[in-house]
Amino acid sequence: MVFRDPEELKQVLGGFFEKVSQDKEFAKKFAQSKILIRFNYSEPELSITLDMTDGENIIVTYNDKEKRSEVDMDMKADIAHKFWLGKLNLTMAITRKMMIVRGPVPRVLAFIPVLAPTYQMYKDYLKEIGREDLIEVG
Amino acid sequence: MYGYKGRILYVNLTSKKVEVTNVSDDFYGEYLGGSGVAAKIFLDHYKKGLTYDSEYNPIIIMTGPMAGTPTPSVSRFIISSLSPLTGIWGESNCGGFFASYLKFASFDGIVITGKSENPVYLFASKGKAEIRDASKLWGLDTYKTEEFLKKENGKDVEVISIGPAGENLVPYASVVNRRGHLAGRTGMGVVFGSKKLKAVVVQGNEPVQIAKPSKYKEYLKEIFEVYKENPTMAALKDSGSNSSYDLSLQTGDLPLRNWSKGVWPEGDFLGSVKYKDKILVGIETCYSCPVACKRVVEIKDGPYKIEKGPGPEYETVGEFGGMLQIADIEFIAYVNDIANRMGFDTITAGSTIAFLGDLHENGVIDKSFLHGVDLKFGDKDAVLQTVKSIADRTGIGELVSLGSERIANLIGEKAKDYITTVKGLEAPMHDPRGNFALALGYGLSVRGACHVSSLVFPVSSGFMYFPEIPELTDFGDPCSEKLKPELAVKAEDFGMFFNHSAIWCIFGGAALNATQVVTLFNLVTGFDYSLEDILKRGEKIWYLKRGVDNLFGIESKDDRLPKKLKTPLSEGFTQDLAPNDEKMLSKYYKLRDIDSITGKPSKEKLVSIGLSDLLQLLYEG
């Protein structure tokens, strides 16, 4: 396991989403989808919700049972980490059910073009928080 | 007979003789259908000195046993012959509705030899067939041809036809059904053209018998549930084959600027979102396919105005977008419309134009070689002028219609560094530098560089998953040579069954695992094959096709990637990466018992798999 407990997962992956949400220009590109997406992680367990329904901002919440998601993506936290490092074959992960998508697939497809810069952003973020060790773990 | 009709139509266009041959269960049990059967028929027709335009070069049109049944994504047919483009085994498979109607007309396939003096078309209905005059059709594009033949024969017919490219013997001319379903690669349309065969029309309503109808019906319910739940099928339904475009661009799978660049920011304008926003007006499907990945597009005004019709597939977007650096989806739809009407393959056409653009940019050729066209990457006008001249082979079209390998041979050694062919066929839009298995996929493909000649690409890219076959499940890091030869062998053997003989669609079939496809095959045909039985027959079919290639001079040196595809890029997702195909091939030849110089299977191997007839031709002349 890359992340030893939910707290570490929240700090690293959650922290990354929060950083992305603070980059106004980038957040706007992401939020154009106006989607509410929930990532349900296991090993360790944590769910992270990205609320982009206003079309401008990304609101990050944790284990949020109030908001109703349009798309849910279930995966192990290790798979998520590998994905944001740009090391995961997304097609294979979905085919082999390492990543399970629930909800309209076209909404997820629309995301793909804006993802490209995030892989480097994640690596930069890991360095910034002193977790370079995780770059090689993925 | 179940699944199969047990009848193949033989037509000789010289003698005008039409006859029907009954086929036994045993024969189909061994060669399965589609290109397995076609390869055996081709071998039986083989004579030394055969060329694509020989009278006795057969056009073999074959369906699989499940075409015409409700089984999803499998009502397809193949056309094979000696390829005019590559001079080796030619083969192309196609969806649409033709395969089912050929079965309904009471035939599994058609074998056409001879040559007509005047344009003709073949009409097959209810177990009978006749050769009819097509003089009025010669010169018409594929859309008008189909329209005419439906008017003449009724709306309940299915048509495959060639356009002016096939008539004018452009070596990569295709055969077209319903305007947008193409047997596109290796120039099967040229063999039609050389025989003055404009079209084949089929009509019928005789259903296909299922061996175990009640079990089949029950099982089919489960299968349709699989389709409903599969996210890849949902993506295909939503965005067609171009649903993979954005990911391909990001991960370095999409070749750029004749395989020379790793980054193209403007490329974002060709993904699924832009496609939908700008040109999409509907979707279509093939016979009994719940996926419906075919796109319908329309451009109402502007320079690239086109009427409602089939939209470009991923490969066409890749060729005229990424390869030629044109980030305009309307332009690409316009080019696609021309290619469908004229009847030629957009992969070979796009790659040949990009190859010439690269040579021009690097000063290997000048404008005069290009018939005065200032062909450059990103230049829409020059590319369009070129595309428009391919079918009638005028001006630069005379040059481009040759395909890249013949052009390279005209230029000489200097052109070799820019070419993207294996065995004379231009590589499609998937880059082996980020997926080393594909070096074997392309190198060993029996019809030349191709991503669907085996299951190497669909499996290694993650699009397909067959957990029942260990070699197709664990094959290591995508950018290492380890375990790739083992993957290639099984991907070829299973692929010979899956998308070649049973002829499952590479897209729609991706929803299923090996157990499901073998079960469906058994329920329809009444065979009781295990996966092992299927792999054994797939192996035999693969060796048979490889042997045919050997008969036409293919040696192991022809299994290598061109330099362009294994030169590392200095940027992008696959920066500094390139496969070592020598290393993988050396292991592969051992696994296949193929001589590492001659490229021929050993005598012992051929005997052990029951191919003594091939052995005689390969070793005893």
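The values are calculated or read from the model by the stated rules, or taken from the named source; none is laboratory data. If you're wondering where the values come from, they're calculated on a predicted model, not measured in any experiment. As a convention, Cβ positions derive from the backbone with ideal geometry for all residues, glycine included, and neighbour counts pool all protein chains shown.
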Review point. Is it the case that B:Leu440 is within 30 Å of B:Ser241 (Cα to Cα) and not assigned by TED's automatic domain parsing to the domain that holds B:Pro303?
Key: yes
Check your understanding: Looking at the range B:249-266, which of its residues are more than 10 Å from chain A (Cβ to nearest Cβ) and either part of a helix (DSSP H, G or I) or aromatic (Phe, Trp, Tyr) (or both)?
Key -> B:Trp259, B:Trp264, B:Glu266
Check your understanding: So which strands (runs of 3 or more DSSP E) stay within the range B:84-173 end to end and still have 3 or more residues that are in contact with a Lys or Arg (Cβ under 9 Å, 6 or more places away or on another chain)?
Key -> B:89-94, B:109-113, B:120-125, B:157-161
**Study point:** Residue that is surrounded by the most Cβ atoms within 10 Å (Cβ to Cβ) [pool: residues in the range B:73-83 that are assigned to a loop (DSSP other than H, G, I, E, B) and among the hydroxyl-bearing types (Ser, Thr, Tyr)]
**Key:** B:Ser75
Point to revise | Complete set of residues in the range B:198-234 that are touching a Leu at 6+ places or on another chain (Cβ under 7 Å) and within 14 Å of chain A (Cβ to nearest Cβ) | key: B:Val226
**Study point:** Tally, over the range B:204-238, of residues that are among the polar types (S, T, N, Q), under 26 Å from the mean Cα position of the chain (by Cα) and not in a helix (DSSP H, G or I)
**Key:** 1
Revision key, fill the gap. Pairs returned, first residue in the range B:561-575 that is within 13 Å of chain A (Cβ to nearest Cβ) and surrounded by 13 or more Cβ atoms within 10 Å (Cβ to Cβ), second residue that is of a type outside the set (A, V, I, L, M, F, W, C) and outside any loop (DSSP other than H, G, I, E, B), beta-carbon separation under 6 angstrom, 6 or more apart or interchain, are B:Thr574/B:Arg433; B:Thr574/B:Gly434
Check your understanding: Among (1) at pLDDT below 95; (2) closer than 21 Å to B:Trp504 by Cα, which single condition is B:Leu102 missing?
Key -> (1)
Point to revise | Which listed residue, of A:Lys87, A:Lys67, is within 14 Å of another protein chain (Cβ to nearest Cβ), of a type in the set (Lys, Arg), surrounded by fewer than 17 Cβ atoms within 10 Å (Cβ to Cβ) and touching a residue at least 24 places away in the same chain (Cβ under 8 Å) | key: A:Lys87
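Conditions tested, residue by residue: (1) out of contact with any helix residue (DSSP H, G or I) (no Cβ under 8 Å at 6 or more places or on another chain); (2) farther than 23 Å from B:Ser454 by Cβ.
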residue: B:Thr51; (1), (2): yes, yes
residue: B:Tyr56; (1), (2): no, yes
residue: B:Ile60; (1), (2): no, no
residue: B:Pro65; (1), (2): no, no
residue: B:Arg76; (1), (2): no, no
residue: B:Trp89; (1), (2): no, no
residue: B:Asn93; (1), (2): no, no
residue: B:Phe107; (1), (2): yes, yes
residue: B:Glu117; (1), (2): yes, yes
Review point. Is the range B:580-592 home to any residue that is loosely packed, with under 15 Cβ neighbours inside 10 Å and closer than 30 Å to B:Tyr28 by Cβ?
Key: yes
Practice item. Can you tell me which residue among B:Ala391, B:Ala408 is farther than 22 Å from B:Tyr334 by Cβ, in contact with a Phe, Trp or Tyr (Cβ under 8 Å, 6 or more places away or on another chain) and buried (at least 18 other Cβ atoms within 10 Å of the Cβ)? Key: B:Ala408
Exercise for review: All but one of (1) acidic (Asp, Glu); (2) under 29 Å from B:Ile79 (Cβ atoms); (3) surrounded by 19 or more Cβ atoms within 10 Å (Cβ to Cβ) hold for B:Glu206, so report the exception by its number.
Suggested key: (3)
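Out of all the residues in the range B:342-362, is one or more modelled with pLDDT of 95 or more and over 23 Å from B:Ala427 (Cβ atoms)?
No, the range B:342-362 contains no residue that is modelled with pLDDT of 95 or more and over 23 Å from B:Ala427 (Cβ atoms).
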Exercise for review: Sort out which residues of the range B:354-369 are in a loop (DSSP other than H, G, I, E, B) and under 18 Å from B:Lys416 (Cα atoms), and write them in order of number.
Suggested key: B:Asn362, B:Gly363, B:Val364, B:Ile365, B:Asp366, B:Phe369
Check your understanding: Only one of these conditions is not met by B:Ser404: (1) free of Cβ contacts under 8 Å to residues at least 40 places away in the same chain; (2) within 23 Å of B:Pro84 (Cβ to Cβ). Which number is it?
Key -> (1)
Check your understanding: Has the range B:498-515 got at least one residue that is more than 22 Å from the chain's Cα centre (by Cα), assigned to a helix (DSSP H, G or I) and either of a type in the set (D, E, K, R) or assigned by TED's automatic domain parsing to the domain that holds B:Pro70 (or both)?
Key -> no
**Study point:** Test for A:Ile100: is it touching a helix residue (DSSP H, G or I) at 6+ places or on another chain (Cβ under 6 Å), farther than 24 Å from B:Asp277 by Cα and not in a helix (DSSP H, G or I)
**Key:** no
Check your understanding: Got a sec? Which of B:Val607, B:Val518, B:Val524, B:Val548 is without any contact (Cβ under 8 Å) to a residue 40 or more places away in the chain and crowded, with 16+ Cβ neighbours inside 10 Å?
Key -> B:Val518
Practice item. Name the single residue, out of those in the range B:185-203 being outside any helix (DSSP H, G or I) and not charged (D, E, K, R), that is farthest from B:Ser125 (Cα to Cα). Key: B:Leu197
Check your understanding: Looking at the range B:437-455, which of its residues are within 14 Å of another protein chain (Cβ to nearest Cβ) and in a helix (DSSP H, G or I)?
Key -> B:Ala437, B:Leu438
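Any residue that is over 30 Å from B:Ser161 (Cβ atoms), acidic (Asp, Glu), out of contact with any His (no Cβ under 7 Å at 6 or more places or on another chain) and facing chain A (nearest Cβ under 9 Å) - is there at least one of those in the range B:235-248?
The answer is yes, given that some residue of the range B:235-248 is over 30 Å from B:Ser161 (Cβ atoms), acidic (Asp, Glu), out of contact with any His (no Cβ under 7 Å at 6 or more places or on another chain) and facing chain A (nearest Cβ under 9 Å).
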Practice item. For the range A:109-118, enumerate the residues that are more than 8 Å from chain B (Cβ to nearest Cβ) and not in a loop (DSSP other than H, G, I, E, B). Key: A:Val114, A:Thr118
Study note, to complete from the structure: Inside the range B:457-476, the number of residues satisfying the requirement of being in a loop (DSSP other than H, G, I, E, B) and more than 10 Å from chain A (Cβ to nearest Cβ) is 6
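Within the range B:1-55, how many residues are of a type outside the set (Ser, Thr, Tyr), part of a strand (DSSP E or B) and closer than 30 Å to B:Pro171 by Cβ?
Final tally of qualifying residues: 6.
Listed here are the residues, each with its yes/no results for (1) among the aromatic types (Phe, Trp, Tyr); (2) more than 15 Å from the chain's Cα centre (by Cα); (3) more than 23 Å from A:Val105 (Cα to Cα); (4) buried (at least 17 other Cβ atoms within 10 Å of the Cβ).
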residue	(1), (2), (3), (4)
A:Met1	no, yes, yes, no
A:Val12	no, no, yes, yes
A:Lys24	no, yes, yes, no
A:Tyr41	yes, no, no, yes
A:Glu45	no, no, yes, no
A:Asp51	no, no, no, yes
A:Glu56	no, yes, no, no
A:Val60	no, no, no, yes
A:Phe83	yes, no, no, yes
Practice item. Taking B:Lys196 as meeting all but one of (1) within 21 Å of the chain's Cα centre (by Cα); (2) surrounded by fewer than 24 Cβ atoms within 10 Å (Cβ to Cβ); (3) more than 19 Å from B:Gly403 (Cβ to Cβ); (4) in the same structural domain as B:Ile79 (by TED's automatic domain parsing), write down the number of the exception. Key: (1)
